[in-house]
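Everything on this sheet refers to the single structure shown next.
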Amino acid sequence: MKYLLLFVALFAFVVARPEVEIIRSESDVQPDHYTFDLETSDGTSRHEEGVVKDAGTDHASISVQGSYSYKDETDGKQYSVSYIADENGFQPTGEHLPPLPSIEH
């Protein structure tokens, strides 16, 4: 259900800009993992993979890796962000972003 809401929200974002067309949209949703890819005519792209860790335990969680890129309408630059989202939180990286602080355990 969470993934359906994610896809609906992403679709709503793209539909809200009628001049943008979806060039490619692929997804594979399974009980223990998912992947999706999306590309639009304005140069936006998104890829994400998620996997359930420790399924069937009290500590089950989803570990996600992904990336997205977009062209800024004001400066014309293409920006890319890669990320990991897991038990350590959302961790984005990109040339235009400041480096993340190190996590000490």
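Values in this text are rule-based calculations from the coordinates and carry no lab data. Treat the numbers as computed from the prediction; the structure is a model and nothing was measured. Positions of Cβ are generated from backbone atoms using ideal geometry, with glycine treated the same way; all protein chains shown enter the neighbour counts.
The figures follow:
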item	result
Segment residue 52-residue 26, extension gain: residue separation times 0.36 nm, minus the distance between their alpha carbons	7.4 nm
Charge tally in the Cβ shell below 11 Å around residue 82, where Lys, Arg are +1 and Asp, Glu are -1, residue 82 excluded	-2
Net +/- balance of residues flanking residue 37 in space, Cβ distance below 12 Å, scoring K and R +1, D and E -1	-3
Percent of C-alpha pairs per 5 Å bin, the range 63-105, short to long	6, 19, 24, 22, 14, 8, 5, 1, 0
Ordering of 62-69, 77-84, 23-30 by packing [mean C-beta count within 10 Å, highest first]	62-69, 77-84, 23-30
Whole-Hz couplings from phi, Karplus 6.51/-1.76/1.60, listed for the range 27-35; x for Gly and Pro	8, 9, 10, 10, x, 10, 6, 8, 9
Long-range amide H partners of residue 42 with built H, under 5 Å	21
Estimated distance in nm for a label pair at residue 37 and residue 83, the labels positioned 7 Å out from Cα along Cα-to-Cβ	2.1 nm
Derived scalar couplings ³J(HN,Hα) [the range 45-52; Karplus, 6.51 cos²θ - 1.76 cosθ + 1.60; whole Hz; x for Gly, Pro]	9, 8, 9, 8, 10, x, 9, 7
Isotropically averaged projected area of the range 27-105, using the convex hull of Cα atoms (one quarter of hull area), nm²	6.8 nm²
³J(HN,Hα) computed for each position of the range 91-99 - Karplus, 6.51 cos²θ - 1.76 cosθ + 1.60, integer Hz, glycine/proline x	10, x, 9, x, 4, 8, 9, x, x
